[in-house]
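Here, each number is a calculation from the coordinates, and none is a lab measurement. Just so we're clear, the structure is a prediction, and the values are computed from it rather than from any experiment. Here the Cβ is made from the backbone with ideal geometry for all residues, glycine too, and neighbour counts use every protein chain on show.
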Amino acid sequence: MKAEIIAIGTELLMGETQDTNSSWIGSRFPEIGLEPQWVTLVGDDLTRLTDIVDRAWRRSDVVLTIGGLGPTLDDLTRDAIAKMFGEEITTDPDLAAWLEESFSRRGMSPMPQQNLRQAGMIPSAITVPNPLGTAPSWWIERDGKILATMPGPPREMMNMWTTEMAPRLKARIPGQAIMSRMFKTIGLSEAAVDEMVGEVYDMDGVELGVYAKPDGIYVRAIAKADTEPAALSTLMAAEEKIRGALGEYIWGTDEEEPPVRVGELLKARNYKLAVMESCTGGMIGSAITDVAGSSDYFVGGAITYTVAAKIAAGVDGSIIEKFGVYSKETAAAMAVAACKTYGADCGVGITGIASNADEKAPDGTEIKGGTVFIGVAHPTGVVVEQYRFPSRRALVRNRAVTAALLQLAQAIK
């Protein structure tokens, strides 16, 4: 079934807000048997929005709109859909009562009358509840097609998709069972991964995609069959080939995230963690503390962007002088110093060249841009690795964070 996304908001067109919602949903379409065909960005203009929704309705089987469901006068998604279908919006008393209650629970009574716009409905639509916000969604089925509205805030949108929209859509897509799995790799280029899994492309009933992400290269395998057991069997066969080809380069699957895995391991072993960062500038600490409850195992860290800062934080200056700031020895010394400074059981030290500029080691050896050294100190020793990432600053920093967390997880698992 052909599917289309309409992302709504002038702020998206002006570049004030990035449209991450469309890519997030679009990547999940194949899992439920939808083929993404178009993504359209449109501003808060009723005429243009109505035209866009009308065009999408005429050419696609499934249309999802994102955004424009708020209470203000420039939230026009409901108005555009009503205009396209030639129907009148009226206030649903049950929705109005729900909104009043929501505001009351939050201590925000009385509710602004403007919020009653969010209780509007048309005859063709049914309500899809939004427990994380005040913008209920619409679900419309007519003429053999589906149109659904989604809230714009990513947290609300993701929850709406996972709990409501994806199950409803999957139940209405006939004649095919679809299963998928994402394999996440690090340490290889996109072309190398694609070449290594090449034979999977030829498997019957399997669609394969290779994608470059900030934390590595992902491989998505989608298996299609007439029944779920058959789809599962095909997916397992594809997984066996993918794992056989990529081996240790795979660090996770599906929704797995390195900071979560590290946190689980540290808590299970009752270890405390500290970090000393140079080229990542605090990104490791940020990734760790993005996980709720990380204060149970993360004690702190230092951003030591200069040699003087590294020495002040406990690194022996003679090590840097002898081996250079970009070296395995310095990364190891940073990891050990992080443990000592913060009284932690485990420490991560990271140093490297985030830019594309090459550097010289004290012995004259050339160190290429994108080279990163990561040291991990733990109760039974110190592990140090050297990595070479594509020498683009954002990629180096993001992939270095993932590599550091995975190296830590490997050391204490």
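Explain nothing, just the number: relative contact order of the chain, from Cα pairs under 8 Å at least 6 residues apart, as a whole percent.
Relative contact order of the chain: 10 percent.
Let's see if you can work this out: charge +1 on each Lys and Arg Cβ, -1 on each Asp and Glu Cβ, no other charges. What is the dipole magnitude of the chain about its Cα centre, in debye to the nearest 20?
In total the dipole reaches around 840 debye.
Anyone know which of Pro110, Pro123, Pro214 comes out most mobile in the 10 Å Cα GNM of the chain?
Pro110
Projecting each Cα onto the charge dipole of the range 2-172 (Lys/Arg +1, Asp/Glu -1 at the beta carbon, about the Cα centre), which of Thr47, Ile6, Gly107 comes out farthest on the positive side?
Of the listed residues, the answer is Ile6.
Between Lys340 and Arg172, what is 0.36 nm times their sequence separation minus the Cα-Cα distance? Round to one decimal in nm. Please report the intermediate quantities before stating the final value.
Working: separation 168, 0.36 × 168 = 60.48 nm, distance 5.86 nm.
Here the answer is 54.6 nm.
Could you work out the helix-only [θ] at 222 nm for the chain, with each DSSP H run of four or more residues adding -39,500 (n - 2.57) and the total divided by the number of residues, to the nearest 500 deg cm²/dmol?
Using -39500 (n - 2.57) per qualifying helix, the result is -11000 deg cm²/dmol.
Using a Förster radius of 22 Å, what is the FRET efficiency between Asn159 and Asp290 based on their Cβ-Cβ separation? Nearest 0.05, please. Working shown, then result.
Working: r = 18 Å, r/R0 = 0.82.
Efficiency for this residue pair is about 0.75.
Can you give the net charge of the other residues whose Cβ lies under 13 Å from the Cβ of Leu69, counting K and R as +1 and D and E as -1?
-3
Is there a pair in Lys213/Lys413; Lys267/Lys340; Lys272/Lys368; Lys272/Lys328; Lys2/Lys213; Lys170/Lys267 whose C-alpha atoms are over 28 Å apart, and which pairs would that be?
Lys272/Lys368; Lys170/Lys267
Could you list the trypsin sites (Lys or Arg not before Pro) in the range 93-133 that lie in coil according to DSSP, counting only those with at most 12 other Cβ atoms within 10 Å of their Cβ?
In loop regions of the range 93-133 (DSSP not H, G, I, E or B), the sparsely surrounded trypsin sites (Lys or Arg not before Pro) are Arg106.
Among Arg168, Arg142, Arg261, which one shows the biggest mean-square fluctuation in a GNM of the chain, springs joining Cα atoms closer than 10 Å?
Arg142
Can you give the FRET efficiency for Gln386 and Arg48, using 1/(1 + (r/R0)^6), R0 = 56 Å, r = Cβ-Cβ distance, to the nearest 0.05?
0.60
Once you order the gyration tensor axes a ≥ b ≥ c over the Cα atoms, which shape class does the range 253-399 get: rounded for a/c under 1.5, otherwise prolate or oblate by comparing a/b with b/c?
Oblate.
Along the Cα-to-Cβ line of Arg393, 7 Å from the Cα, sits a label point; which residues in the range 359-373 have backbone N less than 16 Å from it?
The answer is 369-371, whose backbone nitrogens lie closer than 16 Å to the label point.
State the extension gain, in nm to one decimal, for the chain segment bounded by Glu256 and Tyr305, taking 0.36 nm per residue of separation less the distance between their alpha-carbons.
Full extension of this stretch gives 14.6 nm more.
Below 9 angstrom from the Cβ of Ala3, what's the summed charge of the other residues (Lys, Arg +1; Asp, Glu -1)?
-2
Quick one: putting +1 on the C-beta of Lys and Arg, -1 on the C-beta of Asp and Glu, what dipole do you get for the range 2-172 around its Cα centre, in Debye to the nearest 20?
Charge dipole of the range 2-172: 440 debye, to the nearest 20.
In the chain, what % of DSSP beta bridges are antiparallel (nearest 5)?
The antiparallel fraction comes to roughly 65 percent.
How far apart, in nm, are two points set 7 Å out from the Cα along the Cα-to-Cβ line at Met203 and at Asp226?
Reported label-point gap for Met203 and Asp226 is 2.1 nm.
Given a Förster radius of 51 Å and the C-beta distance between Ser124 and Glu16 as r, what FRET efficiency does 1/(1 + (r/R0)^6) yield to the nearest 0.05?
Computed FRET efficiency for Ser124 and Glu16: 0.95.
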